[in-house]
Amino acid sequence: MNEMRTATVSRAEVEDLLYHEADLLDSWRLDDWLDLLTDDATYYVPPNDKPDADARYTLFTIADDIVRLRERVVRLKDPNCHAEFPPSRTRRMIGNVRVTGVDGEVISAAANFIIHRFRYNDLDRVFVGHYRYKLKRQGGRLKIAERRAILDEQQLGLLGSVSFIL
Amino acid sequence: MNYQPSGHDFVVENPEAKTFFVNREVFVSDEVFEREKRAIFDRCWVYVGHASELKSPGDFKTRPVAGRPIIFCRDREGTVRALINCCRHRGALVCREREGNARQFYCMYHGWTYHPDGSLKSVPGEDAYGAPLDRDEMGLVPVPRLESYRDFYFANFDRDAVDLESYLAAAKDYIDIVVDQSPSGKMQIISGTQEYDIRANWKLLVENSVDDYHLISTHSTWLNYMRNSGVNVTPPKGELLPTRGFGRDLGNGHLTTDNPNYRGRPVAKWISVYGEDAKADIDAMRNELVQRLGAARAARVADTNRNLAIFPNLVINDGSSVTVRHFYPMAPDRMHVTAWALGPVEETEAQRARRLHAFLTFYGPGGFATPDDVAALEAAQLGFAAWREVPWSDLSRGMAKASDQQLATDEGHLRVFWRKWSEMMEARS
């Protein structure tokens with residue numbers, strides 16, 4: 001198993017990926033965003049009262065495997081996705097990007113986010129929290145194997161639904 | 001004297017014309033909102049929590065119940081309590097954490113402490129009062145009534161209310177169906193709470209929770225997901241989904257949908273979404289149900305689903321997973337929703353994961369369906385700004401049919417709620 005490599009990555013490279021991802025999501029280029037993910041990627045939003053929990057035993061807000069994540073994108077592009085039609089305007093501020101660990105091929109990274117969300121006839125809502133990523137290099141590209149968006153609010157409250165991708 | 005601040009009835013039923021109208025002032029009025037708190041929430045049995053949330057002596061959860069700050073806890077002897085979280089001395093919360101295990105509740109203002117059974121434990125500088133304070137008399141005030149049915153705990157702020165089981169009436173039978181999913185008759189609230197606000201009147205969520213008429217228009221993206229996953233969600237020609245499901249009156253304002261299942265159930269009806277691997281496991285669960293309950297009852301548990309609304313504000317959705325969801329008005333145009341997943345205590349890791357996966361596909365603030373319900377309710381609330389010009393909501397579907405022929409896509413079961421609401425609002429307080 002001497003081919004087993006240990007990944008190397010710079011913070012700048014992770015920043016480029018996360019900033020690009022934020023731009024794709026804010027632009028609702030969701031198919032392009034899916035292309036940033038590995039074929040077995042997962043997406044989690046833990047419940048506000050159990051931010052460190054495991055989705056196997058805990059009711060999350062979102063716990064998507066790649067199958068449901070692709071279906072989520074199908075739904076978000078459908079005009080009958082009433083919660084997001086017309087789509088929310090969102091603007092993400094990504095900061096404090098850090099490479100937090102490397103385990104074999106898996107790179108762990110973290111970042112903070114502030115996402116402003118605006119809808120016609122609605123309150124302006126601000127989602128604050130942090131991301132925990134697992135990244136893998138595939139075909140020369142850094143890809144997202146797992147993304148976990150952890151909200152700081154004690155409860156969703158007036159944030160309401162998490163109907164767009166955090 | 002009827003409660004008619006605007007000089008008109010809020011709920012107008014006309015059996016000859018086969019119409020049933022609700023005046024939209026009930027969704028916007030501050031007066032109605034204030035009266036509901038006293039006439040409904042202070043007189044009905046309102047949900048507090050589930051016994052499984054308090055595993056050990058000293059365990060507690062703090063949460064609002066009917067607008068009051070409540071400590072739902074298990075005392076040292078194992079008795080479940082619902083104590084008002086308000087210091088007897090000067091009123092501060094004596095517990096400011098969401099949950100935990102406490103040897104005592106400590107008021108950080110002047111240091112009074114209370115045992116988990118509510119009794120007063122200690123008072124700094126007690127000699128200033130002359131005689132020692134009475135430990136029971138000066139304890140945390142319990143809710144006036146606390147009773148449970150099958151581990152579901154309810155409080156009543158009316159000391160003279162009927163007992164809980166009488167109140168629940170035929171809703172008990174439907175709670176029994178839910179609990180029968182567990183071999184030991186023990187269900188548990190699964191860790192993780194979904195708490196979110198909806199900018200709409202709380203009564204709209206009662207309607208929405210049991211209204212199957214909106215399924216195709218509001219939830220087509222969820223139906224697409226099911227279809228893409230290989231589940232047959234096409235009703236026979238000329239019928240609506242769920243085909244031949246019924247809406248039922250359970251007495252005392254409680255109501256339910258009672259539907260043949262097409263969307264899969266973790267206990268114990270397989271659909272393709274679960275994967276081939278799950279088939280044998282689901283079959284084994286089905287066999288357990290048949291062994292324990294007999295074929296007919298097993299089919300009742302596994303092959304039907306129900307959205308059960310317990311008046312006024314508790315909904316148990318026993319569908320593609322089980323949700324326990326209650327909600328309380330913060331203002332005429334805003335409610336706070338708290339929802340949990342419920343499952344049999346015996347579930348294996350794989351079974352639990354399947355249940356939670358099924359839950360999240362449909363329900364909750366990140367699901368494929370609930371956010372669209374929220375959008376629909378908020379759209380309705382925005383429309384109600386014109387309640388003076390467009391005053392009536394129409395709940396007449398099914399009025400032309402016999403009471404035992406009301407489909408879940410009709411509105412007969414919604415009318416059950418409104419009749420009870422109207423009766424309680426008009427009653428002398």
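Read-outs throughout are calculated quantities, based only on the coordinates presented, and are distinct from any laboratory measurement. As the structure is a computational prediction, the values presented were derived from the model and not from experiment. With ideal geometry, Cβ positions are generated from the backbone for all residues, glycine too; neighbour counts draw on all protein chains shown.
Observations on the model:
- Sequence of B:114, B:213 once ranked by neighbouring C-beta atoms within 10 Å, starting from the fewest: B:213, B:114
- Peptide A:72-82 is shielded by partner chain Cβ atoms: per residue, an average of 5 of them sit within 10 Å of its Cβ.
- When A:123, B:293 are arranged by Cβ crowding within 10 Å, least crowded first, meaning fewest neighbours, the order is A:123, B:293.
- Within 10 Å of each Cβ in A:64-71, the average number of Cβ atoms from other chains: 3
- Packing, as the average of other Cβ atoms within 10 Å across residues, places the peptides A:36-49, B:99-112 in the order A:36-49, B:99-112, highest first.
- C-alpha long axis of helix B:279-293 to longest principal axis of chain B, angle in °: 70
- Taken along the Cα-to-beta-carbon direction at a fixed 7 Å, the label points for residue B:108 and residue A:57 span 2.9 nm.
- Computed E for residue B:404/residue B:17 - FRET, C-beta separation, R0 25 angstrom, nearest 0.05: 0.70
- Against the empirical curve 2.2 N^0.38 Å, the C-alpha radius of gyration of the protein assembly as shown lands at a ratio of 1.02.
- Cα long-axis angle, helix A:66-76 against chain A (0 to 90 degrees, to the nearest 10): 30
- Residue order, fewest to most beta carbons within 10 Å, for B:322, B:32, B:233: B:233, B:32, B:322
- Largest-first principal axis extents of the Cα set of the stretch B:186-426 (Å): 58, 40, 35
- Positive-end residue, the protein assembly as shown charge dipole about Cα centroid, Cβ charges, pick of B:257, B:194, A:66: A:66
- Unpaired cysteine residues in chain B (no second Cys Cβ under 4.7 Å): B:44, B:73, B:86, B:95.
- Helical mean residue ellipticity (222 nm; -39500 (n - 2.57) per DSSP H run of 4+; nearest 500) of chain B: -7500 deg cm²/dmol
- Value of [θ]222 nm, deg cm²/dmol, for chain A, DSSP H segments ≥ 4, -39500 (n - 2.57) each, nearest 500: -6000 deg cm²/dmol
- Cα convex hull of the stretch B:50-156, projected area averaged across orientations, nm²: 6.6
- Hydrodynamic radius of the stretch A:1-148 per Kirkwood, over alpha carbon pairs, in Å: 16.5
- Principal-axis tilt of helix A:11-26 within chain A, Cα atoms, nearest 10 degrees: 30
- Efficiency of FRET from Cβ geometry, residue B:349 and residue B:216, R₀ 25 Å, rounded to 0.05: 0.10
- Inverse of mean 1/r across different Cα pairs in chain B, Kirkwood, Å: 23.1
- Whole-Å semi-axes of the ellipsoid equivalent to the stretch B:288-422 (Cα gyration tensor, √5λ, descending): 32, 22, 13
- Debye log10 I(q)/I(0) for the stretch A:52-95, one point scatterer per Cα, at q = 0.14, 0.23, 0.25, 0.26 Å⁻¹: -0.52, -0.94, -0.95, -0.95
- In nm, spacing of pseudo-spin labels at residue B:243 and residue A:8 (7 Å Cα→C-beta vector): 6.3
- For a label point 7 Å along the Cα-to-beta-carbon line of residue B:55, residues of the stretch B:151-193 with backbone N under 17 Å: B:186-193
- Gap separating the Cα centres of the stretch A:75-139 and the stretch B:406-429, nearest whole Å: 43
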